[in-house]
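Colleague: Handing you a structure now.
FYI, it's all coordinate maths here, none of it is from the lab. Please read these numbers as outputs of a predicted model, since none were measured by experiment. FYI the Cβ positions are ideal-geometry reconstructions off the backbone, even for glycines, and counts take in every protein chain you see.
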């Protein structure tokens, strides 16, 4: 830049002196120099673009102002440099940045990413971060909120720095940058949490058996219990029958018909030898009666079932013949059978959702069908028609019935996804409120909708895993937090704001 300026001054002086020969040579030289300056190809310019990208992010977009201030001061202090107004120096630097970024976009973007990661890493190392280890331990939604706030800070700072007007323009840039930064921060953290949760879920669900496998295992345990050759002696069955009648209380055929039927059956087993299989069948009969009984009848049958279980858990070896270990085996068989029954229910839900949801925006249709199936299941659980699900499983079913395990904010953004005429119109309407919003808002809506759908599908798979194994996969009721994506929040927030700024221009 200094050489061309000197040639321009020499050219003016030659014209004033009337030296046409010198003026012509200087004009050609100046033309060649400008042509060379406008050519941004070559390795040196690629390195320059990379370096400018680093400095742009490291200074939150204030690199051009800082550079212009330094050069303007240098021109005043150094006698061999010609003075030049600050606004012209700033304009030249900005044009140079624009030309290099356009000529080497990959190098410039790589520099920006590196500058953003380095800046975020340095600040985090000094303790200037919201995504602390403690915040990660609180769970995924808290981490996403903190990431959104951190992204807003980075985006707002870069928005102010990259704005090219006065205070009003920079304030507007800071506000828009905070919005886009919050979206970027939340999105990056959400992606990281999703990946972490998915890895944990795969690890927990890798060995989850299917209902057919559970059925085979249950039958094998029942067979093993039979092979124990357990027979309960007559005096023990007489005691059991007496205790069950005591638990039944005063009978009333009209108020408690199911209880009366069970008590009638007890007369046949009292004082008679009973096999372990017969004892289990009696327990199943009581359980089945409870499902179709009225509330007052259910309470009595529950007491009788508890009495029966207490008898089996505390039986003495002197009350039986055969291997007493058969009682432990049959308890294992019952637990496995209960898991099999729940797994069949969930597998049927997944199958029906797949059938009903196909052809309706594919994944979106399946997710909506799952939501409807989970609502139906939750109603059955609340009415007492479906039993056996653990409190955590019921809570997961309730969450999916409401719309999934995603956050309310994510479900709100999903309404802007261009999946239909109404949602497309809403997204475009909101998008008109911010520069570049006609692209950003539907894009954010599409990402959010995909996230909501995926959360619904993962939740259903987690429920099947819990039903089959008896253990809820980690992060099913709350997303697992991870700080692994923290370094990407700053460059993502600032780059998204830079993209919005380019679109707005």
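Colleague: Set the Förster radius R0 to 35 Å, insert the Cβ-Cβ distance between residue 398 and residue 328 as r into 1/(1 + (r/R0)^6), and round the FRET efficiency to 0.05.
Modeller: 0.55
Colleague: How would you rank 239, 379, going from fewest to most other Cβ atoms within 10 Å of each one's own Cβ?
Modeller: 379, 239
Colleague: Follow-up question, since we're still on this one. Stretch residue 294-residue 102 to full length: gain in nm at 0.36 nm per residue minus the Cα-Cα span?
Modeller: Result for the pair: 61.5 nm of gain on full extension.
Colleague: Quick one, can you get me the convex hull of the C-alpha atoms of the range 213-317 expressed as volume per residue in Å³?
Modeller: Spelled out: Cα convex hull of the range 213-317, divided by residues, is 101 Å³.
Colleague: May I pose another question? Run the simple label-point estimate for residue 125 and residue 314 please: 7 Å along Cα→C-beta, distance reported in nm.
Modeller: Distance between the two pseudo-spin positions: 6.6 nm.
Colleague: Right, next: In nanometres, what is the gap between the two model label sites at residue 9 and residue 78, each 7 Å from Cα along Cα-to-Cβ?
Modeller: 1.3 nm
Colleague: What is the order of 154, 108, 222, fewest Cβ neighbours within 10 Å to most?
Modeller: 222, 108, 154
Colleague: Starting from the 7 Å offset along Cα-to-Cβ, what nm value, one decimal, do you get for the label separation of residue 86 and residue 44?
Modeller: 3.1 nm
Colleague: Also, I was wondering about something else. What does the extension gain come out to for residue 355 and residue 281, with contour length at 0.36 nm per residue minus their alpha carbon separation?
Modeller: Extra length available between residue 355 and residue 281 comes to 23.0 nm.
Colleague: Give the calculated FRET efficiency between residue 65 and residue 110 to the nearest 0.05, with a Förster radius of 25 Å applied to their Cβ-Cβ distance.
Modeller: 0.60
Colleague: Counting other beta carbons within 10 Å of each Cβ, put 56, 99 in order, fewest first.
Modeller: 99, 56
Colleague: Taking 0.36 nm per residue of sequence separation and subtracting the Cα-Cα distance, how much length would be gained by fully extending the chain between residue 27 and residue 303, in nm to one decimal?
Modeller: Stretched out fully, the residue 27 to residue 303 stretch lengthens by 88.7 nm.
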